[in-house]
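Everything on this sheet refers to the single structure shown next.
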Amino acid sequence: MDLIDDDGEGAESGNTPEFTVSEISGAVKRTIEGAFGHVRIRGEVGRVSRPRSGHVYLDLKDDRSVISGVMWKGVAARIETQPEEGMEVIATGRITTFPGQSKYQVVIEDIRPAGQGALMAMLEKRRAALAAEGLFDAGRKRKPPFLPEIIGVVTSPSGAVIRDILHRLRERFPRKVLIWPVAVQGQKCAPEVARAIEGFNALTPGGALPRPDLLIVARGGGSIEDLWGFNEEIVVRAAAASEIPLISAVGHETDTTLIDFAADLRAPTPTAAAELAVPVRRDLLAWTGEMQARLGRAVSQRIEYRGQRLGDLSRALPRPETLLDTARQRLDTSGERLPAALIRGVQSRRVSLSESAGSLRPSMLRGRLSEGQRGVAQWGARLAPALLRLTEARGQSLGRQADRLDIRPITARITQGGERVADLSRRLDRAFGDTAEASRRKLDALGRLHETLGYKATLERGYAVVRAESGVVTTKAAAEAAGGLEIEFKDGRLKIGGSAKSSSAKKKESPEQGSLF
């Protein structure tokens, strides 16, 4: 329908109706949206813009034309495949206009790659970009431990994959396994797998929940669309940044995903991942037994060789009797010559003593004694003046030292020391008081925590502890079989039936041993 009726060539311009810009824009908008309320457009993604608002603006083009497109924030968050420049896609939505710029655009409600070829092209482009960053370099990969104590498995807990892995681990070498359940398909797959890898790496070694020594990311086979979550960039970066060695076991042997390039080791199947994770225990036992037997044989051969060598060396040594013959003969010769040598030695010393005794006379000894006495007398006469002079010199030196001594500096130092001791005493008193107050507050807090964690606090919330003569009752069958029951409430105990065990005649039970209801 025409907005302006043509009354003929001779119609005067003053009879033509007038419209505002908004009226014209609204009429165009209604016409286009009425004619193209639901369309599917196939084309190549051109410019892609993602402002901070969360919306996605893009161009769809072919070899001759370009049409603008917009995905609102909610649609962009839920679609499985994010558009990238150069990707061939099929977009579903509606055609509308944007009056602010006098242009038309398609409001996209869903967008999918146009066939498997487009997915593979996008996958190859992403692989090349991540490889250029060095995420797939062989130097980044680490060798998995030979025998890990704890193995972390990231997979779906309900599929056959986890059962195959656990079964193969039990067959080869049983190990502790921590399972992080994730979605292995769909929109939640990529963020959950990335969080699982980061979560295992965030665990503390030796903590309450120990950190695994090896990670396995596993999923069964499927189409490229089913496995697409493991091609997402967030998963690849999490696998490359993992400090724990990681084995990728996604799909079958012919399936390849980007996590396979970032992982430290790729397994063709989840079962093969379990085989790569641990050795066969029976093979290790057999190898150990063989090594032990070889060691025993080697030790025996070594001892036998050393024995033979010792025997050969002993045959080359002379007999012990021959070693002593020469010494025994020399001893006999010296024994025969010893008496004559002793006699000659005594005679020689007697002659020497006689010669020395001839030169000793009493007059000579008296002369030497007189000389000694005269020397002592001379030294004694000189000793008294020397001592007097020494005493006077020491007295003068002591007097000079005494003149230099003054009690006032010593008194000042004593006063300063006393003030410092008093200050330290006051600081010590304050520190001791603060410490005592902090300890008292900590003790009060622990007391309150003890009361909160005790089972008495649980009784305050409406629970009760059931006891019988045999102890605490935790099952219905035990309660029916008991002759009598005793129920403890927050304000006391109630006996039912026969005589129940009293609290004074039984051991004190911890909150974990009670039955609370």
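The values are calculated or read from the model by the stated rules, or taken from the named source; none is laboratory data. Remember, it's a predicted structure, so these values are computed and weren't measured experimentally. Because the Cβ atoms are built from the backbone with ideal geometry, glycine has one as well, and the counts that use them run over all protein chains shown. Only protein heavy atoms, including side chains, enter the accessible area calculation; ligands, DNA and RNA are left aside. Shrake-Rupley method; radii C 1.70, N 1.55, O 1.52, S 1.80 Å.
Within segment 87-112, the residues that satisfy the criterion of being in a strand (DSSP E or B), under 20 Å from Glu232 (Cβ atoms) and open to solvent by less than 30 Å² (accessible area, probe 1.4 Å) are Val89, Ile111.
Is there any pair with a first residue in segment 201-220 that is in a helix (DSSP H, G or I) and a second that is surrounded by fewer than 24 Cβ atoms within 10 Å (Cβ to Cβ) whose Cβ atoms are under 7 Å apart and which are 6 or more apart or on different chains, and what are they? Here the result reads Asn201/Ser242; Asn201/Glu243; Asn201/Ile244, each pair linking segment 201-220 to a residue that is surrounded by fewer than 24 Cβ atoms within 10 Å (Cβ to Cβ).
Got a number for residues in segment 171-188 being of a type in the set (Gly, Ala, Ser) and exposed (fewer than 14 other Cβ atoms within 10 Å of the Cβ)? Let's see the steps before the verdict.
Just the residues of segment 171-188 that are of a type in the set (Gly, Ala, Ser), to begin with: 183, 186.
Now narrow it down to the ones that are exposed (fewer than 14 other Cβ atoms within 10 Å of the Cβ): 186.
Total meeting the criteria: 1.
There is at least one residue in segment 281-304 that is at pLDDT below 90 and in contact with a Phe, Trp or Tyr (Cβ under 7 Å, 6 or more places away or on another chain). Of Glu88, Glu44, all but one fail to be touching a Pro at 6+ places or on another chain (Cβ under 9 Å) and without any contact (Cβ under 8 Å) to a residue 60 or more places away in the chain; the exception is Glu88.
Of a type in the set (A, V, I, L, M, F, W, C) and either open to solvent by less than 100 Å² (accessible area, probe 1.4 Å) or in contact with a helix residue (DSSP H, G or I) (Cβ under 6 Å, 6 or more places away or on another chain) (or both): is that true of Leu390 in this structure? Reasoning before the result, please.
Values: of a type in the set (A, V, I, L, M, F, W, C): yes; either open to solvent by less than 100 Å² (accessible area, probe 1.4 Å) or in contact with a helix residue (DSSP H, G or I) (Cβ under 6 Å, 6 or more places away or on another chain) (or both): yes.
So Leu390 passes the test.
Let me confirm something: among Ala272, Ala239, which residue is of a type outside the set (Asp, Glu), assigned to a helix (DSSP H, G or I) and in contact (Cβ under 8 Å) with a residue 24 or more places away in the chain?
On the way: Ala272 fails: in contact (Cβ under 8 Å) with a residue 24 or more places away in the chain.
The match here is Ala239.
In the set (1) among the small types (Gly, Ala, Ser); (2) more than 30 Å from Arg168 (Cβ to Cβ); (3) open to solvent by less than 50 Å² (accessible area, probe 1.4 Å), Ser300 fails one condition alone, (3).
Restricted to segment 237-263, and to residues there that are open to solvent by 70 Å² or more (accessible area, probe 1.4 Å) and within 19 Å of the chain's Cα centre (by Cα), the residue that is farthest from Glu133 (Cα to Cα) is Glu243.
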